[in-house]
1. For region 1-110, which fully contained helices (runs of 4 or more DSSP H) count at least 1 residues that are charged (D, E, K, R), farther than 24 Å from residue 160 by Cβ and at pLDDT below 95?
2. Can you tell which of 188, 176, 172 is modelled with pLDDT of 95 or more, surrounded by fewer than 21 Cβ atoms within 10 Å (Cβ to Cβ), farther than 27 Å from residue 51 by Cα and under 22 Å from the mean Cα position of the chain (by Cα)?
3. On the given criteria, is residue 352 crowded, with 19+ Cβ neighbours inside 10 Å, aromatic (Phe, Trp, Tyr) and over 16 Å from residue 335 (Cα atoms)?
4. Where in region 434-524 are the helices (runs of 4 or more DSSP H), entirely inside, with at least 3 residues that are among the polar types (S, T, N, Q) and at pLDDT 95 or above?
5. Kindly indicate which of 352, 384 is among the aromatic types (Phe, Trp, Tyr), in contact with a Ser or Thr (Cβ under 7 Å, 6 or more places away or on another chain) and more than 28 Å from residue 537 (Cβ to Cβ).
6. Return only the number of the condition from (1) under 29 Å from residue 34 (Cα atoms); (2) touching a strand residue (DSSP E or B) at 6+ places or on another chain (Cβ under 9 Å); (3) among the aliphatic types (A, V, I, L, M) that residue 478 does not satisfy.
7. Inspect region 662-669 for any residue being under 19 Å from residue 539 (Cα atoms), among the acidic types (Asp, Glu) and loosely packed, with under 15 Cβ neighbours inside 10 Å and give the result as yes or no.
8. Take residue 155 and tell me if it is among the polar types (S, T, N, Q), open to solvent by less than 20 Å² (accessible area, probe 1.4 Å), closer than 29 Å to residue 461 by Cα and in contact (Cβ under 8 Å) with a residue 24 or more places away in the chain.
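The values are calculated or read from the model by the stated rules, or taken from the named source; none is laboratory data. Worth saying up front: this structure is predicted, and the values here are computed from it rather than measured. With ideal geometry, Cβ positions are generated from the backbone for all residues, glycine too; neighbour counts draw on all protein chains shown. Ligands, DNA and RNA are stripped out before the accessible areas are found, and what is left, the full protein with its side chains, is counted by its heavy atoms. Shrake-Rupley method; radii C 1.70, N 1.55, O 1.52, S 1.80 Å.
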Amino acid sequence: MKFLSISLFFLFLSSFAFCNDGYKLWMQYYPIENAQNWQKEGIAEYQINGTSPTLAIINDEIKRAGKGFFNFEPAKNKKNPKLIISKLSDLNSATFQFNKEKIAALGEDGFSISKSQNSETLILANTDIGLLYGSFHYLQLIQKGSEVPTEGIFQSPKIKHRVLNHWDNLDRTVERGYSGFSIWNWHRLPRHIDQQYLDYARANASIGINGTVLTNVNANSLVLTTEYLEKVKALADAFRPYGIKVYLTARFSSPIELGRLKTADPLNEDVQNWWKEKTKEVYDYIPDFGGFVVKADSEGQPGPHNYGRTQADGANMLADAIAPFGGIVMWRAFVYSENTPDDRHKQAYNEFKPLDGEFRNNVIVQVKNGAIDFQPREPFHPMFGAMPQTPLMMEFQITQEYLGHDTHLAFLAPMYEEVLKEDTFVNGKGSEVAKIIDGSLDGHSLAAMAGVANIGTDRNWTGHHFHQANWYAYGKLAWNPYENSEKIADDWLRLTFNNDDTFITPIKEMMLKSREMVVNYMTPLGLHHIMAESHHYGPGPWVTGGSRADWTSTYYHQASETGVGFDRTNSGSNALGQYFENLQSVWGNINSIPEKHLLWFHHVPWDHKLQNGENLWNNLAMHYQKGVDEARANVTLWESMKGKIDQERFEHTLSFMKIQAEESVWWRDACLLYFGQFSKMPLPSGVEPPKHDLEYYTNYKPKNVPGI
């Protein structure tokens, strides 16, 4: 018995040692079964031309992959390598045949992967960072079992600045963060560089992300002090070999708070000089500092409005300060005021549209994907297409502030893709949002995309294992905003779990449908912003009153006995007038608007017939029920996958899926009870009756919800 107990103990230790807690993200490098010769030979013997910290990272990555894939350590071989990694300038073109002009045209971050005339695999680029991106791509091909095509691979990013925005505070809390605390341990910096910082940089480099905004858009001036710039420098030094620049959020009132000036007026000479000196200090510490991100004049943040100035006045002041060093200013368009009686949907457009062409050439205006605030579904922001003389960048939210926080599965690539493919019609048909973002539609060279990070100190980084896919998807779409969601999901699953099609096919389908499922049980048919007050966790269509109407649910859904929805046509707020005529004519007609946007733009009678012949109330109820059914079906599907992946990630995901299925019922019952008191109609056949009364749900108030 004693021997058996000891054996069981060591068996437990063994299983614990090899369990998968998700820390390795999509860089699992799990063993490849029945590997083909090209997979083994393509990594067994290699040559890297040159030396640098980045090339050393590539070397370590190849060795790590070889050990994981095949349980051997790849060997350097200068005489007869099967894999050659080299900058174009370091390769003898007389020895190898390749298209020098085509590779040179790939720019700083681009790379090529091809076969030589002697069957060596060549990874070529113009810079070490390009080689890093190419090496990660090649290792991902090996993991997936995808051979390099005969014509080769030639890739370069369509967007230059591919940035994660961390809404992290200096006390390590994370605004709208649901995966633990901030990974930045400012107290230990600059004296200690945590391994997680390097793993973070490695993960971002593997998907082409090249910038990180370390601090919350609700900014703290303290980060611009000398004490904190020393800490920021330590992070910048650690990230540099991975091709990642650091950015900081600049609090507009910093000249007062740090410089002891009496004003922060952007047209004041002393204020301008303070920012110039402060910016010079930043670059003294961090020569490749990326630039500033600014949230101004919104939700209590200071800004140029305080001094009667425009957003262009504020942005240009910082742009002038940073221009000599090659930096940029990402000026957020999320500007709205409780003192403005107009529809919140209209306020950013009204603020920025008249300023088109007035911003410096190193300013890019950062625009959320929709006009309200990262809802489960929004029509694209009307600013896209409205400012042809000003480069605009996309801001997506990766963290799921309005999509169930950490426990609700919602693969967001389809949402991102839906917005990027929307046609603005600004230059006629084919004027997609993606073409505005990458600068091709209006000829802008400054192009950027931002994603609000979902990363924290949870061991698996993102809380839900499947939320890693949203970080991954953002990186892929920032590199190429024309990428396909299905391919992104397929690649992520194969890199993260296994290459078994009996697992990949059904789970990929589940992922691709998951965001629509969440829309169904939260905000179907264009409903929006009906979440609980402040923390936005759970339903709250009854939220009303308080200091600001535009922070309440009733402001947005306008439910009454006559119907539900926000009239944004010319008979209402006319926010629809901010879009181009092609969309106004379709979206302005209650019978032709895509039903996914119906209640966003129209106040619709409860008995109005929709395309399926059922009235609005019945359709609303059936959408809520459909979302519940889908969440329950996902639990059953996932349970059938037992044994196909490691037990730890299987159980963790199953637990979260059960929570999601349970909370989808909460959403359905609460919303149908609330709206049902206005429609006064019975639930249609097939929709389950609520388990409790409306008072039960309105009195249920979760405590200490994460995300401050």
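1. Values: elements: 2-17, 37-44, 53-70, 100-104.
The qualifying helices (runs of 4 or more DSSP H) are 2-17, 37-44.
2. Details: 188 fails: under 22 Å from the mean Cα position of the chain (by Cα); 176 fails: surrounded by fewer than 21 Cβ atoms within 10 Å (Cβ to Cβ).
Within the list 188, 176, 172, the selection yields 172.
3. Numbers: crowded, with 19+ Cβ neighbours inside 10 Å: yes; aromatic (Phe, Trp, Tyr): yes; over 16 Å from residue 335 (Cα atoms): no.
So residue 352 does not fit the description; no.
4. On the way: elements: 468-479, 485-496, 501-522.
Result: 501-522.
5. Numbers: 352 fails: in contact with a Ser or Thr (Cβ under 7 Å, 6 or more places away or on another chain).
Checking each option against the conditions leaves just 384.
6. (1)
7. From region 662-669, those under 19 Å from residue 539 (Cα atoms) are 662-669; that's our starting set.
Going one step further and asking which of them are among the acidic types (Asp, Glu), we end up with 662-663, 669.
Still in the list and also loosely packed, with under 15 Cβ neighbours inside 10 Å: 662.
There is at least one residue in region 662-669 that is under 19 Å from residue 539 (Cα atoms), among the acidic types (Asp, Glu) and loosely packed, with under 15 Cβ neighbours inside 10 Å.
8. Values: among the polar types (S, T, N, Q): yes; open to solvent by less than 20 Å² (accessible area, probe 1.4 Å): no; closer than 29 Å to residue 461 by Cα: yes; in contact (Cβ under 8 Å) with a residue 24 or more places away in the chain: yes.
Answer is no for this residue.
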